[in-house]
Amino acid sequence: MSSNAITIFLLFLNISLFPAICALNQEGLSLLSWLSTFNTSSSAAFFSSWNPNHQNPCKWDYIKCSSAGFVSEITISSIDFHTTFPTQILSFNFLTTLVISDGNLTGEIPPSIGNLSSLILLLLNSNSIVGEIPREIGNCSKLRQLELFDNQLSGKVPAEVGQLWGLAVFRAGGNSGIYGEIPMQMSNCQELVLLGLADTGISGQIPYRFGQLKKLKTLSIYTANLTGEIPPEIGNCSSLENLFVYQNQISGEIPAELGLLKNLRRVLLWQNNLAGSIPATLGNCLGLTVIDFSLNSLTGEIPMSFANLGALEELLLSDNNISGKIPPFIGSFSRMKQLELDNNLLSGEIPATIGQLKELSLFFAWQNQLSGSIPIELANCEKLQDLDLSHNFLSGSVPNSLFNLKNLTKLLLISNGLSGEIPPDIGNCTSLIRLRLGSNKFTGQIPPEIGLLSNLSFLELSENQFTGEIPPDIGNCTQLEMVDLHGNRLQGTIPTSFQFLVSLNVLDLSMNRMSGSVPENLGRLTSLNKLILNENYITGPIPNSLGLCKDLQFLDMSSNRITGSIPEEIGRLQGLDILLNLSRNSLSGPVPESFSNLSNLANLDLSHNMLTGSLRVLGNLDNLVSLNVSYNNFSGSIPDTKFFQDLPATVFSGNQKLCVNRMVATQVEASMAGYLIEILSSVLFSGSDEENSLEWDFTPFQKLNFSVNDIVNKLSDSNVVGKGCSGMVYRVETPMKQVIAVKKLWPKKSDELPERDLFSAEVTTLGSIRHKNIVRLLGCCDNGRTRLLLFDYISNGSFSGLLHEKRVFLDWDARYKIILGAAHGLTYLHHDCIPPIVHRDIKANNILVGPQFEAFVADFGLAKLVGSSDSSEASNTVAGSYGYIAPEYGYSLRITEKSDVYSYGIVLLEALTGMEPTDHQIPEGAHIVTWINKELRERRREFTSILDQQLLIMSGTQTQEMLQVLGVALLCVNPNPEERPSMKDVTAMLKEIRQENEDYEKPNFLGKGVPINPKATVDCSSFSKSSEPLIRSPTSLP
């Protein structure tokens, strides 16, 4: 028995054996009675001052008494009770303050709470209380502050709350089970200052009678189900400072009466269904600091009256239909930090007055109809970090002075009509991380000063008119992950200095006039994922060293003047699975025997060379979906496989000695040119009985041995294995006994935005990528009414299911392999795909687990290509799942790669603790990040206290690794997205923690006998910075 338990036992033994001696009054006895209900002795230790020998509890911790000796205040916070509401205190007639917050209080609030007629302050927030808010709360007539947020309450807000005429604060947000309309009677609470019902199921309209609440300062009902219009009577709330009703379904126009609110500071109405123009009357609200009307359907121009808003710091109008010009008075916003005008219909020139915004750090105006030149005055915005003017009609040259901005990290000017040369001044822009100037009319040479940009990770200058040689100085930019210079007029040789770009994932120099041979030292680029050199004048042989680029998936060297034989080393690139195109060169010799290793390759083009010998070795490539070997000197018979027999004769033509279907290839019409089979070939099949009038369009992405009818006929309820936001998932066995997963998407709504087409999203994303840790898309089917996605069936289901449903116990080795595999998959999406792909819904349920605990990232229905703006464009679709969404999404709706990193960090914490992000086991109903922060940083407990205790028992010898992974997780969930590591860095840290071959054979063998690398130890000082609780934006009062 612990010392705490002994203390409690002796207290009550003392009471029971010596009742005559004990002078404790009834209130003290009631409190001790409640103390006896605590399930954990560790919590009882906080109450050592509760001495039964005292006459009353007035000197006890957490207790205050009136002058008459009766309990008047009980204030207990951040102690894990794990017990029910203290009914023992409901007879305390003089109790004015009851605060039991952040204490994992369970059960319901009893109706007898109404007996506490003297109660002024009732704070029960951040617990695990269930049930409804009792109607009897209306009897607490003196109540001024009622805070019940972040519990598990359900039901409707009782109308009796309207009887609390002195109520100043009512907060019940963060209770997803609360539903129904806001009771009209709440307008009787004339003293109300703050009303918080955010993140609930509250529906209906904002009551028009709320206009009677003259003292209301904050109305916070965001992320709910509000409908209807914002009542014009809201303009009578003369004290209103904060109006937070974003992420609802509010319609109609923004009422002009908002302009009557002289005290209004922040108005956030983003992601609703608002239409009409922005009311000019808002210009009367001189104290406004934040306006966010993004993601609506607003029209008209930015009101001229906004010129009066001198205190404005953030103006966010993205994703509307706002037209007209950017008004020159924008320069009068001397405090402006964020200006987001992207995805509208703005035209005209960017006003020169924008240069007066000395505090501006972010300016987005991409995807508009802006014209004219980039104002030279923009260079006066010395704090500017992110500038995106992509997809407009801008012309002229980029001002030289723009490159003197020392804080500029992202410059995106994609798809305009910009011309002139890039000045040497670009070397001054030393903070630059992303430079994307593609699809313009730039001329001249690429300045060698780019080599001074040591932080540069993305360099895109494609589809311009650059001439001259590629400066070797680019080799100094050792952080580069992508170099895309295709579609220019570049000459000379590929710089040998590229060998130093060891982080490079993509090198695209295609469609230029490059000459000379491919440098042998390119083989040092072991991270290279795509090498694209087609349509140049490159000569010489293919270097053997390319066989060292083990991560290579896409190799296109077509349409050059390459000679010699194909190196055996190319056939040893087992990761080469998307494309190998060596066509239209002068290659000779046979196809290397090593090509039999390219078992994952989907597309192979060797046409228009002088290759000889047999095609026998290609018969082993089971995943080919596209092949062209035309116009060579191949001989013999084609492999006797169904794939080869089904190919059209054109892909073999021009090989005089090659037997195709018992006919010599020269018998094929000479006029028929060899061409590549379309990768996405459409094959029509007749529909099922249910939809026999519709034809199926079936697009295979792999070599398949079944028809669409084999699939459709088995989509029965008995085969359902899952259901999600995008559709139903079935387990289907084909006639050839292959087990696949079929996702049948929900029907697309007629008014659905293109962005919400989850079918297109997954096909577009998964159809173009291949990685061992990303679920493989086999094909897709569409008959105009029903849409199907076909995947490999992953036997163990999701990581979430394995972790929380307790079907099997996952030891640390298994969990480590899963999280590392998922990290590899995300790293590929973020760093190896061009443009990068942001998953936007990373969670344990979207990480599937194979039979050997391999991880497969799945469910790309919300995925986005980081395209024109690459700077985290906004979305009309709520991205992510509750508990995993990065905090910045709550106030900006911007999803970037760093948002995926945050979600992945939550998965790491889930793996360590065995608990979901908002698990009911977490004390006080807190989010997992908040809880871990309190345990480790505030309470300074051992980190093992937050681990899955069964994991600690079964894998206790590996706690050092767990600590290091915890350090990585806390870096990932840093509330500041800029301070989170990239997924590439995350993967590197995880790999460094365990120095062992990543291709583990079985989980229970992982890491045995491997010494911990001291370099991998995560400094615990990172906890203090990275384990900060989820920082809600100032808008986040629930």
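The values are calculated or read from the model by the stated rules, or taken from the named source; none is laboratory data. For clarity, every value in this text was computed on a predicted model and none was experimentally measured. Backbone-built Cβ (ideal geometry, glycine too); neighbour counts: all protein chains shown. Accessible surface areas use protein heavy atoms only, side chains included; no ligands, DNA or RNA. Shrake-Rupley method; radii C 1.70, N 1.55, O 1.52, S 1.80 Å.
Under 5 Å from the amide H of residue 469 lie the amide H atoms of 491, each residue being 5 or more positions distant or on a separate chain, with H modelled from the backbone and absent for Pro and chain starts. With a ≥ b ≥ c taken as the square roots of the eigenvalues of the C-alpha gyration tensor of the stretch 276-316, please select rounded if a/c is under 1.5 and otherwise prolate if a/b is larger than b/c or oblate if it is not? Verdict is oblate for the stretch 276-316. Computed over the stretch 383-535, the range of Cα coordinates on each principal axis works out to 42, 27, 23 Å, biggest value leading. For the set 262, 737, 817, solvent exposure ranked by accessible area (probe 1.4 Å, protein chains only) runs largest to smallest as 737, 262, 817. Computed with a 1.4 Å probe over protein heavy atoms only, the accessible area of residue 304 comes to about 140 Å².
Between residue 212 and residue 68, what FRET efficiency comes out of the Förster formula 1/(1 + (r/R0)^6) with R0 = 56 Å and r the beta carbon distance, rounded to 0.05? Intermediate values should be presented prior to the final figure.
Values: r = 39 Å, r/R0 = 0.69.
Once rounded, the FRET efficiency stands at 0.90.
Taking all protein chains as shown and a probe of 1.4 angstrom, residue 631 keeps an accessible surface of around 70 Å². Annotation: extensible slack from residue 713 through residue 733 equals 6.1 nm (criterion: 0.36 nm per residue apart, minus Cα-Cα distance). Between amide H atoms placed 1.01 Å from N, distances below 5 Å from residue 181 occur with 203, all of them 5 or more places distant or on a separate chain.
Excluding same-chain neighbours fewer than eight residues apart, the lysines reachable from residue 744 by a Cα-Cα span under 17 Å are 714, 723.
Over the stretch 515-660, all Cα pairs binned in 5 Å intervals from 0 give whole-percent P(r) values of 2, 10, 20, 25, 22, 13, 6, 2, 0, listed from short to long.
The Cα-based radius of gyration and maximum Cα-Cα distance (Dmax) for the stretch 32-108 are 12.2, 34 Å.
When the alpha carbon gyration tensor of the stretch 26-268 is reduced to an equivalent ellipsoid, its three semi-axes come out at 37, 18, 14 angstrom, largest first. Straight Cα distances below 14 angstrom link residue 934 to the aspartates and glutamates 80, 102, 924, 942, 1028, with same-chain residues fewer than 8 positions distant left out. Counting only protein chain heavy atoms and rolling a 1.4 Å probe, the accessible areas of 82, 804 rank, largest first, as 82, 804. When the listed pairs 772/991; 441/550; 217/898; 657/703; 337/441; 550/991 are checked against a 25 Å cut-off, the alpha-carbon distance exceeds it for 441/550; 217/898; 657/703; 337/441.
Of the GluC sites (Glu not before Pro) found in the stretch 238-289, none is in coil by DSSP with at most 15 other Cβ atoms within 10 Å of its Cβ.
Here each label is just a point 7 Å from Cα along the line to Cβ, and for residue 87 and residue 132 those points are 1.9 nm apart.
Here is the result for the stretch 94-149: no trypsin sites (Lys or Arg not before Pro) lie in DSSP coil with at most 14 other C-beta atoms within 10 angstrom of their C-beta. Largest to smallest in accessible area, the residues 736, 728 fall in the order 736, 728 (1.4 Å probe, all protein chains included). Measuring with a 1.4 angstrom probe and ignoring ligands and nucleic acids, residue 746 comes out at about 100 Å² accessible. The slack between residue 953 and residue 280, meaning 0.36 nm per residue of separation minus the straight C-alpha distance, is 235.8 nm.
Multiplying the residue separation of residue 26 and residue 373 by 0.36 nm and removing their Cα-Cα distance gives an extension gain of 116.8 nm. Averaging 1/r over every pair of different alpha carbons in the stretch 458-583 and inverting the result gives a Kirkwood radius of 14.3 Å. Put simply, the amide H of residue 442, placed in the peptide plane, has neighbours under 5 Å in 465, leaving out anything fewer than 5 places away on its chain. For the stretch 210-275 versus the stretch 156-190, the inter-centroid distance based on Cα atoms is 17 Å.
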